[in-house]
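Each remark here refers to the structure printed beneath this line.
The values are calculated or read from the model by the stated rules, or taken from the named source; none is laboratory data. Small disclaimer: the values here were computed from a predicted structure and weren't measured. Because the Cβ atoms are built from the backbone with ideal geometry, glycine has one as well, and the counts that use them run over all protein chains shown.
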Amino acid sequence: VKGKASEFEGAHDPITLSVIYNRLLTINAEMGIAMINTSISPIFAEVHDFSCAICDWDNRIVAQIDGVPSHTASAMEAVKAVSREFRDDIHPGDVFVLNDPYLGGTHLPDVTIMKPIFYEGQLQFIGINRAHHGDVGGLEPGSYAPGARELFHEGIRIPPLRIYRGERPIQDVVNMIRINTRMPDALWVDMKAQVASCRVAEKRILELIGKYGVRKTRQTIEDIHRYAERRMRLEIGLLSDGVYAGESFLDSDGFSDAPIRIKVAITVKGEEAWVDFAGSDPQVTGFVNSPLANTATCVYVAFLTTVTTPDIPHNEGVYRPIHISAPEGSVVNPRFPAPVASCTLDTACAILEACWQALAKVLPERVPAGWNRWNGPTITGVDPRKGSFYVMFGFNGFGGAGGMPGMDGRHYIGDGIDLGGLIAPNIETNESDYPHVTEFNEFTTDSCGAGKFRGGCGAKYRIRLYDSSPTLVMFGDGKVHPPYGLFGGQPGSCNLAFVNQGREGERELKSKEAVQLKAGDTYSSYPSGGGGWGDPLERDPEAVRRDARDQIISLESALDLYGVVLEGEELAVNEQQTAALRQSRRGG
Amino acid sequence: MKFRMGVDIGGTFTDGVVIDSAGAIHSFKELSTPKDPSIGLYNVIRKAAAHFGRSLEAFLGELDFFAHGTTVATNTLLTGTGARTGLLLTAGFRDTLEMRRAHKENIWDLYLPIPSPLVPRYLRRGVQERIDCQGEVLQPLRAEDVVEACRLFRKEGVTAVAVCTLFSYLNDAHERAIRAIVERELPGVFVSISSEVLPQIREYERMSTTVANACVGPKLTVYLSALDRKLKGDGLRRAFYVTASNGGVMTAETAIRHASATLLSGPAAGAIGAVFFAGLLPQKNLILMDMGGTSFDVTLVSQGQVTLSTEGEIAGYRVAKPMIDIHTVGAGGGSIAWLDGGGMLRVGPASAGSDANLLLGYLNKDYFLGGEMKVNEQKAREAMERHIAAPLGLDEVQAAAGVFRVINQSMADAAKVVSVQRGHDPREYALVSAGGACSVHACMIAEEVGCRSVIVPKAASVFCALGMLESDIRLDHVRSIRTMIPGADLAAFNEAVRQVEARALAELLQEGVERERATFLRHLDVRYVGQHHEVTIPIPGGAITEAHLPGIAESFHRAHERLYTYATPENPLEVMNLRVTAVGAVDKAALTRRAPGAADPGAARKGERRAWFEQRGGFIPVPVYDRDRLAPGNRLEGPAIVEERITTVVAHPGWSLRVDEYENLVMERAE
């Protein structure tokens, strides 16, 4: 049983600590609500592909609950970059922006907005909003370019820049950014929504400091960091000392079909962990290279989902006992200007899988089997109803989660690194927003990896496009490497996608490629189900019966994979035959 | 004499409050009868009638207002005992309900459980049909699919059917046709179609609400219609009202059609009660705790107001109906305690009597329900011994103390969700302890949460019932009206408003409201063009003219600025929905006030008994007071026990207690 430090022990004033910390989380959540409710791109308003954070005066994250996990921790790199660049030249009313992955960003579409928050003339906090915009230029509309060989091909690079002065936009900077994207209006309106969400943080934080005073607030922030660090140390301390290795492979970089190895060794010693990626493949030509900040984020996600309980604060303190290293020039720590656009999805999933598999060796009772990797595309074109350019990401047709000790994986939850943080848009809003008709979106029978606790199903999803010349860009992975099974569980299905499946012009899509389509073409997607956990022959026959009744698995799978004999229209479990069959399977 | 009566049916007790024409409050309590809650309800009415020296018929005839909060719908969802429900939907979209939009409420918790879908996959059947995003039919309905699904439903014993097809909020023809077929094929089955339950865009939320409606509908229908018939037959002349999640009341008839609007019936009334109290008390910030036998509800009243949201979750199921923001957890005073597989003490929702409180001496075994109900101390002892003490190697008192602590902790956690976790400083809030079992725990919960005072209202255990007497009739209507400001088609808009309000008025009149007591609250859901989410703003009554538009726009900009810190008045606005709430005002209770007298509570002292206090190292003798004899101005120090007929208040060590001028007990922690 995992230990849990008693809440906020050793704090100067436990109630104030609890109130201020929770207040910051609430403010953080409120930032997210402001973004959802005021942005115009469905990618934010419906899907929530952004995250908000609050950093303190020392560029340390103090609160981050809202948003996608791949933005975790890396927000600190952004505020550090601004601080390095501008030093004392940071003033009330300023807003900063950046997106360059080698200068504090993640990948170019993620535009980070930062608003320093001053109280009585002194910098106290920084509100941060990092959001994935539909297009920031580059080779392909939607800014995922499988053909990119360097960062310059992927869109506009924004170093740390001041974009507001005295609360007003600096038009020169805004114009420079706008002219470099295919959706200048949406980009700018949504950047203003990002600024608004930081202003919500500012307003609420000023109220907070007004109430508690600067000294007490800052003291409490230090306590929060220490508390989080103590919690992480306690949790790591419970792990047996040792070196635990994990490995995973990306299918390809889009240029060659050679699999790309990610190798990790996690050394646990006392209350700290050293995570080393030595032995991972060198950086590659295509867009799957993962800058170190992204790689580190994936490590933190692996720890925060398994080593700790979910109630641990996500702040700088929690990262202190984890030390990360990766060889320079490798796929997990590339040199500029390697292209990186897919790293926050494809590579991130693979890094997470490698870390989870390493941790499974020391924490078998907590670590899940593999989740789905990203499959779906970007589809771009001109909406004939409005005459305007659109970018639609494949946020429907999601994959499944891996099985876990004691629990099946969830159906239709999305890729591993997003952990269910992306919200699938309703079909009704999606068809109103983008020119297409959805033909189906439901679970794929047998896509789930078999196990004592099976994986969740992926979807089958088909749309028909009706604009004249849509472009489709695939930037997924996991077409060759399925979600792993654990402890006797089987892997989930592989990702699969087609153009015009079952009709003239049918074509199976590669995991990474750009394709030109015409009106009436269809896109079909079969994202993977999650891997299974534990021996399928140990699965409760009643659960197998329910899955068969619900067509989550086929009758053949019930028999062949689970050794369960179901009879008659009612699919009753024949217990005797089931026991005998399972016995013979085990014996054989 | 005229009476007004509210009855709340909880998991363990059924509470009734009667206010007579002089403004005096009378409360009555009976055991709930979960199999048929109306038996307990009737027992309470009989008891009240007897109290006033009247026959049941005479008393019912003298009732000016009768409202009833029911947990039938809530409990049905919470306990998973809803109707066996089938779901018909657009073919190809079988799993919309179970996909839950791929959303995970806490992404960091891999093990976050989700409730199983209210309709299992094999009872979710696609039918060939399709309407597009303009409301045009892309594919006509294939009636055979419906017939075939009905065959399966019949075979599987389905008693409720939900229908939700894509874009039915734009064009309900297919849903209506499906309903007609289902009603023909499966006569007597309860059918809900999404275009009636919630004619709004977003199929997941619409479907989830419609399914909840269908799932609880049959039980609610059987219950309410039988009760309605019986009450009328026994002499009730006025309409019989049911509390709704939005804090208003509606007639039983309306409640049957809008089952999903009653999912928070009981607790919503309590919240209204708390708002009413906040109006009387100097303290305007309250955390209302209502601990029934099976559930524990917490509501935050900030500056005298509760928060109303347009959707929420009940038992983990999405329900997009206006409701008061109430946090519910499934553990109450009568909850069963057990050891889980890992050897941890847990407290859960199954009602099993207040064994621990009895063994610790907090409850009086001879005076439970004013002595009308005997409690079997021996049984309580045995249960505690068998389930907790023996497996843990403790004696039964240690075990009971453990159960008491675990309950306190989990209740405090729930109170923190609505206060600390939303950034409210609990030190600025008073705990209002309502619901029978709560006041035994309240001081300990307050200490854990950080509240400095606890208020036990005069009618604590019947708080919800009292709240009902404060509820107006409120019927919510929503209609999609898409128009722009500037450039609104005002003729069409006013016509739509006229239609909705005419319908709303007709419904109100049907509810027995007199015309002059009917008012309408109009709101518009508005957004900047391009946005995906709306801000709901009030608009004036009467015909809307060009002259009104700048004011409406201005109030939107202001609301947007207040919520999101900025407004862009240069951008055009898009109106999405019209919301009309028809309100039928009911007479409110006027509580009597008594001037404070002497501080000495000696006159109310009825004895002494031994009770267990951790701070004092075990059992110590504590004075017991009779609440009915405590008078405004009285003060006493904890530890002390105050008993009234239907509830027990424990002032723990370190707490003082005084009686205010409304006869509320106010407990304060010594600094």
Selection status of B:Gly23, more than 21 Å from the chain's Cα centre (by Cα), among the small types (Gly, Ala, Ser) and assigned to a loop (DSSP other than H, G, I, E, B): yes
Taking into account only those residues within region A:252-274 that are surrounded by fewer than 24 Cβ atoms within 10 Å (Cβ to Cβ) and among the β-branched types (Val, Ile, Thr), which is farthest from A:Leu239 (Cα to Cα)? A:Thr267
Kindly indicate which of B:Glu501, B:Glu507 is more than 14 Å from chain A (Cβ to nearest Cβ), modelled with pLDDT under 90, closer than 30 Å to B:Glu253 by Cα and in contact with a strand residue (DSSP E or B) (Cβ under 9 Å, 6 or more places away or on another chain). B:Glu507
Being of a type in the set (A, V, I, L, M) and buried (at least 24 other Cβ atoms within 10 Å of the Cβ) is the filter here; which residues of region A:442-471 pass it? A:Ala450, A:Ala459, A:Ile463
From the list A:Ala201, A:Ala196, A:Ala265, which residue is among the small types (Gly, Ala, Ser), in contact with a strand residue (DSSP E or B) (Cβ under 8 Å, 6 or more places away or on another chain), within 14 Å of chain B (Cβ to nearest Cβ) and at negative phi? A:Ala201
Among the residues of region B:594-603, is there at least one that is over 31 Å from the mean Cα position of the chain (by Cα), within 12 Å of chain A (Cβ to nearest Cβ) and more than 30 Å from B:Tyr241 (Cβ to Cβ)? no
So A:Asn396 clears everything in (1) at pLDDT 95 or above; (2) under 19 Å from the mean Cα position of the chain (by Cα) except one condition, right? Which one? (1)
A:Ala201 - would you say it is crowded, with 16+ Cβ neighbours inside 10 Å, of a type in the set (Gly, Ala, Ser), out of contact with any Gly (no Cβ under 6 Å at 6 or more places or on another chain) and touching a residue at least 12 places away in the same chain (Cβ under 8 Å)? no
The condition of being closer than 30 Å to A:Phe125 by Cα, within 14 Å of chain B (Cβ to nearest Cβ) and surrounded by fewer than 21 Cβ atoms within 10 Å (Cβ to Cβ) holds, among A:Pro384, A:Pro405, A:Pro310, only for A:Pro310
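Going through A:Asn59, A:Asn28 one at a time, which residue ends up being assigned to a loop (DSSP other than H, G, I, E, B), of a type in the set (S, T, N, Q) and either within 14 Å of another protein chain (Cβ to nearest Cβ) or at positive phi (or both)?
Going through A:Asn59, A:Asn28 in turn, just one is assigned to a loop (DSSP other than H, G, I, E, B), of a type in the set (S, T, N, Q) and either within 14 Å of another protein chain (Cβ to nearest Cβ) or at positive phi (or both): A:Asn59.
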Residue that is touching a helix residue (DSSP H, G or I) at 6+ places or on another chain (Cβ under 9 Å), over 28 Å from B:Val583 (Cα atoms) and crowded, with 18+ Cβ neighbours inside 10 Å, where the choices are B:Ile473, B:Ile481, B:Ile455: B:Ile455
Entirely in region B:177-263, the helices (runs of 4 or more DSSP H) that have 3 or more residues that are buried (at least 24 other Cβ atoms within 10 Å of the Cβ) and of a type in the set (Gly, Ala, Ser): B:203-233
Could you grab me the full set of residues in region B:529-540 that are at pLDDT below 90 and either part of a loop (DSSP other than H, G, I, E, B) or more than 22 Å from B:Val580 (Cβ to Cβ) (or both)? B:Val529, B:Gly530, B:Gln531, B:His532, B:His533, B:Glu534
Could you go through region B:404-424 and let me know if any residue there is among the aliphatic types (A, V, I, L, M), closer than 20 Å to B:Glu614 by Cβ, at pLDDT below 80 and in a strand (DSSP E or B). no
Restricting attention to region A:526-550, report how many residues are within 30 Å of A:Val382 (Cβ to Cβ) and away from chain B (no Cβ under 14 Å). 1
Picking from B:Val163, B:Val146, which residue would you name as being aliphatic (A, V, I, L, M) and more than 31 Å from the chain's Cα centre (by Cα)? B:Val146
May I ask you to list the residues in region B:98-141 that are buried (at least 21 other Cβ atoms within 10 Å of the Cβ), of a type in the set (Val, Ile, Thr) and more than 8 Å from every other protein chain (Cβ to nearest Cβ)? B:Val119, B:Val127, B:Ile131
For region A:414-427, which residues satisfy the criterion of being in contact (Cβ under 8 Å) with a residue 60 or more places away in the chain and either under 19 Å from B:Glu205 (Cβ atoms) or facing another protein chain (nearest Cβ under 7 Å) (or both)? A:Leu419, A:Gly421, A:Leu422, A:Ile423, A:Ala424, A:Pro425, A:Asn426
What number of residues within region B:436-446 are modelled with pLDDT of 90 or more and either outside any helix (DSSP H, G or I) or surrounded by fewer than 24 Cβ atoms within 10 Å (Cβ to Cβ) (or both)? 1
Just to be sure I understand the filter: pairs with C-beta atoms under 7 Å, separated by 6 or more residues or on different chains, first member in region B:101-126 and under 16 Å from A:Arg549 (Cα atoms) and hydrophobic (A, V, I, L, M, F, W, C), second member modelled with pLDDT of 95 or more and exposed (fewer than 14 other Cβ atoms within 10 Å of the Cβ). Which pairs pass? B:Leu123/B:Glu156
Can you confirm whether A:Glu154 is under 19 Å from A:Phe475 (Cα atoms), among the acidic types (Asp, Glu) and touching a Gly at 6+ places or on another chain (Cβ under 8 Å)? yes
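Does B:Lys458 fit the bill of being within 14 Å of chain A (Cβ to nearest Cβ) and modelled with pLDDT under 85?
No.
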Would you say B:Asp95 is in contact with a Lys or Arg (Cβ under 8 Å, 6 or more places away or on another chain), of a type outside the set (S, T, N, Q) and more than 9 Å from chain A (Cβ to nearest Cβ)? no
Got at least one residue in region B:96-115 being among the small types (Gly, Ala, Ser) and touching a strand residue (DSSP E or B) at 6+ places or on another chain (Cβ under 8 Å)? no
If you scan region A:428-450, which residues turn out to be facing chain B (nearest Cβ under 7 Å) and among the aliphatic types (A, V, I, L, M)? A:Val437
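Here's the yes/no breakdown for (1) within 30 Å of A:Ala514 (Cβ to Cβ); (2) touching a Phe, Trp or Tyr at 6+ places or on another chain (Cβ under 9 Å); (3) part of a strand (DSSP E or B):
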site: A:Ala193; (1), (2), (3): yes, yes, no
site: A:Ile205; (1), (2), (3): no, yes, no
site: A:Ile221; (1), (2), (3): no, yes, no
site: A:Ile224; (1), (2), (3): no, yes, no
site: A:Ser248; (1), (2), (3): yes, yes, yes
site: A:Phe255; (1), (2), (3): yes, no, no
site: A:Ala258; (1), (2), (3): yes, no, no
site: A:Ala278; (1), (2), (3): no, no, no
site: A:Phe287; (1), (2), (3): yes, yes, no
Quick one: how many residues across region B:52-85 are surrounded by fewer than 14 Cβ atoms within 10 Å (Cβ to Cβ) and more than 23 Å from the chain's Cα centre (by Cα)? 4
If we keep just the residues of region A:66-117 that are at pLDDT 95 or above and of a type in the set (S, T, N, Q), which is nearest to A:Gly210 (Cα to Cα)? A:Ser83
